[in-house]
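Here the structure is laid out as structure tokens; the discussion comes afterwards.
All of the numbers you see were taken from the coordinates with simple rules; none came from a lab. Source: prediction; values computed, not measured.
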Amino acid sequence: MTISFLLLAAITITGTAAAMSLKNAVHCILALTLGMVGLAALYLQLGAEFVGLTQILVYVGAVAILAVFAIMMTRSRTSETAAGSDPSRFSGLVTALLLFTVLAVAICTGISSQTLGGTPPEATVHAVGVALMQRFILPLEIIGVLLTAALIGAGMLAIEEKGEGR
């Protein structure tokens, strides 16, 4: 393992662990964003440029920022509650440790150390972009129209709910 991989893995694990342990929701989202950036960097280091750039654009650029704005806009100023000892915290910890153990055993005893035969397909970001803009342009446009309609519908529902509360 290289130093860069270990550093990126530490950033990813630290960010996601902080997202699970922090009390403030905005801080949790920001820590999760750090974990997602670390994961994207790991993808880029492994040579999966399309997956890494998609991770940055979709999850970091859209989902995390949307979550920050949603929490900041909907949070009540008086809803700051002290989270004491939650009874489900122990069962969550036991479940997480059990899952970690199962995954660690699967990784250690797996066949990941064996080399695979054949050459992997060459799928660069340019090749994926050409395929999306030539071969799959109609499905891409249909998805764009559906997402735009969903966004307009969500906006209309939010406006109606706001108007009913007056």
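When you restrict to C-alpha pairs under 8 Å that are six or more residues apart and normalise by the size of region 1-76, the relative contact order lands at 28 percent. Scalar couplings 3J(HN,Hα) for region 44-56, obtained by applying the Karplus form with A = 6.51, B = -1.76, C = 1.60 to θ = phi - 60°, are 5, 5, 7, x, 9, 5, 5, 5, x, 5, 5, 4, 5 Hz; x denotes Gly and Pro.
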